[in-house]
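Everything below concerns the one structure shown next.
The values are calculated or read from the model by the stated rules, or taken from the named source; none is laboratory data. The structure displayed is predicted, hence computed values, not measured ones. Glycine gets a Cβ as well: all are built from the backbone with ideal geometry, and neighbour counts include every protein chain shown.
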Amino acid sequence: MTPMPQITEGTLPARNDLRTPPAMIAAIIAVSVLASAFICWLVYFHTPSDVGGAHLRFLPFVNAVLNALSTVALLFGFRFIRARRIPQHRAAMFTAFFFSTIFLGSYLVNFALHGETHFNRLSTWWPFYWKLLASHIILSTIALPLILITFFLSLTGRFPAHKRIARYTFPIWLYVSITGVIVYAMQSLIH
């Protein structure tokens, strides 16, 4: 049996000759803005349909697990790219994207059903919690278009541009995934 050749960045066809279509980037940003606007509406204006909390109360825990799994996949993806193990890097990043996508769906269902979780503002943890939550929310709105653009650049073979933007996407995505778990832990332990 012939061993499969190791695919490295040098063996992948770099699409340096292609200019990234501004319309595609604009579309990704537009979709991200619409998604953020929908989440804002869901959190602040939509009346939850299960105020009593009878259905799917386990979703916040599932969301934290999905964020943790995304974090693990991101860390493996980073490790693989540093070792120039491109196929493993791609697999890890697709795995992180999968977990983050499932998280987003579960998050939306949870907010549609139960609404916002209120943290005890009298807690000594409140000053830390709201700053962490605010940074998490702001960076998550930035992460969505960055993630989509980074994936678009990779999938279309624009690796130099992919590498340039991934330097910003990775730490933001990682921070959002980790802080999502911390926010859940604080809400469930101190709530």
Residue within the stretch 57-69 that is touching a residue at least 60 places away in the same chain (Cβ under 8 Å), more than 27 Å from Glu116 (Cα to Cα) and part of a helix (DSSP H, G or I) present: no
Boolean, Ala54 is modelled with pLDDT of 80 or more and either surrounded by fewer than 10 Cβ atoms within 10 Å (Cβ to Cβ) or not in a loop (DSSP other than H, G, I, E, B) (or both): no
Subset of the stretch 158-191 [of a type outside the set (Ser, Thr, Tyr), surrounded by fewer than 15 Cβ atoms within 10 Å (Cβ to Cβ) and either within 21 Å of Ala134 (Cβ to Cβ) or touching a residue at least 60 places away in the same chain (Cβ under 8 Å) (or both)]: Pro160, Pro171, Ala185, Leu189, Ile190, His191
The stretch 138-151, residues that are touching a residue at least 60 places away in the same chain (Cβ under 8 Å) and either polar (S, T, N, Q) or over 19 Å from Ser70 (Cα atoms) (or both): Thr141
Hits in the stretch 84-127 (condition: basic (Lys, Arg), part of a loop (DSSP other than H, G, I, E, B) and either within 12 Å of the chain's Cα centre (by Cα) or surrounded by 15 or more Cβ atoms within 10 Å (Cβ to Cβ) (or both)): Arg85
Number of positions in the stretch 148-157 that are surrounded by fewer than 20 Cβ atoms within 10 Å (Cβ to Cβ) and part of a helix (DSSP H, G or I): 3
Check on Ser140, surrounded by 19 or more Cβ atoms within 10 Å (Cβ to Cβ) and part of a helix (DSSP H, G or I): yes
One residue from Ile39, Ile81 being modelled with pLDDT of 95 or more, within 23 Å of the chain's Cα centre (by Cα) and among the β-branched types (Val, Ile, Thr): Ile81
